[in-house]
Amino acid sequence: MASAGTRFISKNKDPNNEFSIARFASCSRHIHLFRGSEFARQPEGIPITIGQQFTVHSAILDEDRPYYVYLPESYHDDEIVPERYPVLYILDGDIYFQSMSGMVQFMSSGINGNYQIPAFIVVGIPNTNRIRDLTPTELTDLPPGPVPPGLSETGGGDSFFRFLNTELFPRIESDYRTMPYRALAGHSIGGLIGLYALMTQEHMFNAYLIMDPSLWWENKMLVAMAEDHFPTLNESTSSVYISSASLMADENAPSMAVDAERFSTILEEAATRTGLRSYWDYLEREDHGSIPLLSLYNGLSFVFAGYKPSFREVVNDPQGIVSTYEQLSVRLGAEFLPPERVLILSALMALHQMGDPGKAIEILNITTALYPESYNAFNLLGTTYLSLGEKDLAASEFRRSLEQRPNNTEAVTQLAKLAEQ
């Protein structure tokens, strides 16, 4: 069973297993400078919570496995219709959960009107035995002599997949409102195991964000595996983004970009026949350590190309935006709708900025068809009909709003005014 949630703030653990910037600040020591002056003790702050930590016991791996969960702001927003969310699983979650959750939040939450991607639930999977879990086979391509530290236990990738498929995924999908769309983000050997999943675990993930993958593993076995696998693939709705850095660490180290480019070429050759989408992103100015965050941004932008709605496009062609999302859903293999909030804001733009109540009504009728429980859309329909003097139609829409949200103030007030007339 999963443990109770623990707030996730930063990587510094306290004895209560709680990540807290405020606790760290409260432990600061007095520093004496110049003539014995000291800095004032920093005040206790209010923690800014990014997510929560849980634990699930894995019978498959015979160990307790922590995991981190970030929920989008809209998850608990009672002003919009409760929805189901795609899930992004992040390998090396102890390293990347904090920064990658922030990137997802920026791209999806409507900051500055920005809806580049749908809102995601983000799950970080920290390591207990990284080399064991994130490698597809035992490493035999080693020089003579003692096994280097850290490589004594390898090749546990298939067991790790069983843990995900039968223990972690069911936990997440029972505890949260998820939709049947999963994405994976993996860097280095996390990218290696991600590409292994692409070829061996059908339908495990819909999208793969692979960052400078360690395709050198076991004499480039995954490249050879891809040459056999993809020519026989019949169809796929997977999206695969692969990034490559110019250097491993310094100018004398070999680049892994050559192997990634070859793997990507194999994917491209299969794309026209299968429907699989792929993109290779050579980030010349990045190295192996700096590439992950930019890769996440570029990768999500590639996977969800065409998702970002334009308020003006919605106003100009409301039905066209519905068709756009229908086509996008077919391409991604799961249903994605234009965001409710975007549709309502577009209706307000049509009504107040463009002075076109007819267009506002068209947009709002589309909104209520896609989101039948949207009490805000019914309220705005009522307000729009009032502006046209259509009192009976307005009253009908306010009553429909009350059906979805009893006693909501706007509908109650407007119906009371209409009853007095």
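Observations on the structure shown:
- Qualifying residue in region 216-237 (condition: surrounded by 15 or more Cβ atoms within 10 Å (Cβ to Cβ), of a type in the set (Ser, Thr, Tyr) and at pLDDT 95 or above): no
- Condition broken by residue 330, with the remaining ones in (1) more than 30 Å from residue 195 (Cα to Cα); (2) in a helix (DSSP H, G or I); (3) of a type outside the set (Ser, Thr, Tyr) satisfied: (1)
- Residues in region 155-169 that are modelled with pLDDT of 95 or more and not aromatic (Phe, Trp, Tyr): 156, 157, 158, 159, 162, 164, 165, 166, 167, 168.
- Residue within region 399-411 that is closer than 22 Å to residue 307 by Cα, buried (at least 22 other Cβ atoms within 10 Å of the Cβ) and either in contact with an Asp or Glu (Cβ under 9 Å, 6 or more places away or on another chain) or among the acidic types (Asp, Glu) (or both) present: no
- Considering the conditions (1) within 28 Å of the chain's Cα centre (by Cα); (2) more than 16 Å from residue 411 (Cβ to Cβ); (3) in a helix (DSSP H, G or I); (4) touching a residue at least 24 places away in the same chain (Cβ under 8 Å), residue 359 is excluded by exactly one of them, (1).
- Close contacts from region 49-61, counting a first residue that is free of Cβ contacts under 8 Å to residues at least 60 places away in the same chain and under 13 Å from residue 128 (Cα atoms) and a second that is surrounded by fewer than 16 Cβ atoms within 10 Å (Cβ to Cβ) and not β-branched (Val, Ile, Thr), with Cβ to Cβ under 6 Å and a gap of 6+ residues or different chains, come to 55/3; 55/64; 57/64.
- Residue 286 being surrounded by 16 or more Cβ atoms within 10 Å (Cβ to Cβ) and either more than 24 Å from residue 141 (Cα to Cα) or β-branched (Val, Ile, Thr) (or both): yes
- Index of the failed condition, residue 336 passing every other in (1) crowded, with 16+ Cβ neighbours inside 10 Å; (2) more than 22 Å from the chain's Cα centre (by Cα); (3) not assigned by TED's automatic domain parsing to the domain that holds residue 240: (2)
- Elements of type strands (runs of 3 or more DSSP E) contained in region 114-229, each with 1 or more residues being of a type in the set (Lys, Arg): 178-187
- Qualifying residue in region 394-414 (condition: acidic (Asp, Glu), under 27 Å from residue 316 (Cα atoms) and either in a helix (DSSP H, G or I) or not assigned by TED's automatic domain parsing to the domain that holds residue 346 (or both)): yes
- Close pairs from region 297-311: first over 16 Å from residue 243 (Cα atoms) and part of a helix (DSSP H, G or I), partner modelled with pLDDT of 95 or more and small (Gly, Ala, Ser), Cβ under 6 Å, at least 6 apart: 311/346
- First in region 257-279 and in contact (Cβ under 8 Å) with a residue 12 or more places away in the chain and closer than 17 Å to residue 303 by Cα, second anywhere and in a strand (DSSP E or B) and among the aromatic types (Phe, Trp, Tyr), Cβ under 6 Å, 6 or more apart: 264/280; 279/241
- Residue in region 68-94 that is farthest from residue 370 (Cα to Cα), counting only those that are assigned to a helix (DSSP H, G or I) and in contact (Cβ under 8 Å) with a residue 12 or more places away in the chain: 94
The values are calculated or read from the model by the stated rules, or taken from the named source; none is laboratory data. It should be emphasised that the depicted structure is a prediction, and the values quoted were computed from it without experimental measurement. All Cβ positions, glycine included, derive from the backbone under ideal geometry; neighbour counts span all protein chains shown.
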